[in-house]
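Taking it in order: structure first as C-alpha cells, then the write-up.
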Amino acid sequence: MSLAFYLIVALTVAGAVAAVTLRNTVHCALALSVAFAGIALLFLELDAQFAGFAQILIYIGAVAILIVFAIMLTRSSDTPATGVFSKSWLAGLAIAAAVFAVLGWAVLRTAPMLPHDSAAPVVTVQQIGAALMGRYVLPLEIVALLLTAALIGAVIVAMHEKAGAK
Amino acid sequence: MTPLAGYLLVAALLFAIGLAGALTRRNAILVLIGIELMLNAANLNLIAFWRYGPHPEALTGMMFAIFSIAVAAAEAAVGLGLVISIHRHTRSTDLDSMNRMKG
C-alpha cells in the first residue's frame, strides 16, 4: 500500500461524498467527475491501463457530460425550498451504513485468506482486442445490440410528443 | 492488510456512499448519480480481483469490467431520458412529489 494509493483513495472518496451531499446539482455533477477520475487512477494503479482510459473516456467524457445536460434541460440546478434530502433520509442513511458494515466485516474477516501481492500482469491492448474478437465476440455483439437499442429507446422516451398523439 | 483487501474496502465505501445518495436525495438526477457510483464500485472490485487473481493473463475480470462499463453507459442514457420525459409531464424532478401511482 503506497502513498499514492492513499492519496487517490482520499480524492475519490472526497469526490463521491461531495457528489451526494452538495446542495447545487451542477456542483454534484462536477464532484462526480472528480470521483470518476479517482476511480480511473485506481484502475491505472491496478495495472489495468485499458480499463482506466476507457473509464476516463466513457465516464468523464460521456456520462458526466450527459448528467450536466440533463440538469440543464430540467433546470434543477437551483436548490428547492423544501430541502435536497428526502423525508426518509435517516432510514436511507442507516441502510447504507448497515451495507457498508456488512461488506467491511466480510472483507476484514477474509483478509488473511486473500492472495498477496503478485507480479504485475503484462496485458497489451492487442491482447484485449484479440480476446474481444475471439473468445468474447458473442458478448461484444450483444453489447453492440444493447447500445443500439438503448440509443433508440432513449431518443423515443425523451422525444417530444406530438400534440394530438396522446 | 493485503492490497486486495484495501481495494475491496475502498469499493465497499464507494458503494455505501452511492447507496446513501440514491436513498436520501430528492432529485431524480442525484439518484442516478448514486447508482453510477455503485456501478463504479462494482467495477473496481472486478478489476482488483482480476489483478490479484490466479490467472490475470486470461483477462476474464478485465472483460467483465469493460462490458459492465458499456452496460452502465446504456443505463445512464436511458435513465436520463426517462428523467427528462418525467420532467416534461410534471415540471419537476422531485421524487417525493412523484406519488401518482401510490396506493
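Bear in mind that the values in this text are calculations on the coordinates, not laboratory data. Predicted model only: the values in this text are computed from it and were never measured. So basically every Cβ, Gly included, is an ideal-geometry build from the backbone, and we count neighbours across all protein chains shown.
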Q | Ellipticity estimate at 222 nm from DSSP helix runs (n ≥ 4, -39,500 (n - 2.57)) divided over chain A, nearest 500 | A | -22000 deg cm²/dmol
Q. Using the alpha-carbon atoms, what tilt in degrees (0 to 90, nearest 10) does helix B:28-52 show relative to the longest principal axis of chain B?
A. 10
(Q) Give me the inter-chain shielding for A:107-119: mean count of other chain Cβ atoms within 10 Å, whole number please. (A) 5
Q. Any idea what the dipole of chain A comes to, in debye rounded to 20, about its Cα centre with Lys/Arg Cβ at +1 and Asp/Glu Cβ at -1?
A. 540
Q) Helix-derived [θ] at 222 nm for chain B: sum -39500 (n - 2.57) over DSSP H runs of at least 4, divide by residue count, nearest 500? A) -27000 deg cm²/dmol
**Q.** Length added when fully stretched, A:Met72-A:Trp89, from 0.36 nm per residue minus Cα-Cα
**A.** 3.6 nm
(Q) List the residue ranges in chain A for DSSP H helices whose C-alpha atoms run 24 angstrom or more along the long axis and whose Kyte-Doolittle average is 0.0 or above. (A) A:3-21, A:25-45, A:89-110, A:137-158
Q.
Tell me the volume per residue, in Å³, of the convex hull enclosing the alpha carbons of the stretch B:12-70.
A. 56
Q) Tell me, what is the percent relative contact order of chain A, built from C-alpha pairs under 8 Å that lie six or more residues apart? A) 16
Q: Quantify how strongly other chains surround peptide A:91-102 by giving the mean number of their Cβ atoms within 10 Å of each of its Cβ atoms.
A: 5
Q: Over the residues of the protein assembly as shown, compute the C-alpha Rg and express it relative to 2.2 N^0.38 Å.
A: 1.06
Q. Out of A:Leu138, B:Ala72, B:Ala11, whose Cα points farthest toward the positive end of the dipole of the protein assembly as shown (charges: +1 Lys, Arg; -1 Asp, Glu; placed on Cβ)?
A. B:Ala72
Q) Can you give the FRET efficiency for B:Arg91 and A:Gln49, using 1/(1 + (r/R0)^6), R0 = 41 Å, r = Cβ-Cβ distance, to the nearest 0.05? A) 0.35
Q) Using Cα atoms only, what is the angle between the long axis of helix B:3-24 and the major principal axis of chain B, expressed in degrees (0 to 90) to the nearest 10? A) 0
(Q) Taking the Kirkwood radius as the inverse of the mean 1/r across Cα pairs, report the Rg/Rh of chain B. (A) 1.12
Q: Within 10 Å of each Cβ in peptide A:49-55, how many partner chain Cβ atoms are there on average? Round it to a whole number, please.
A: 4
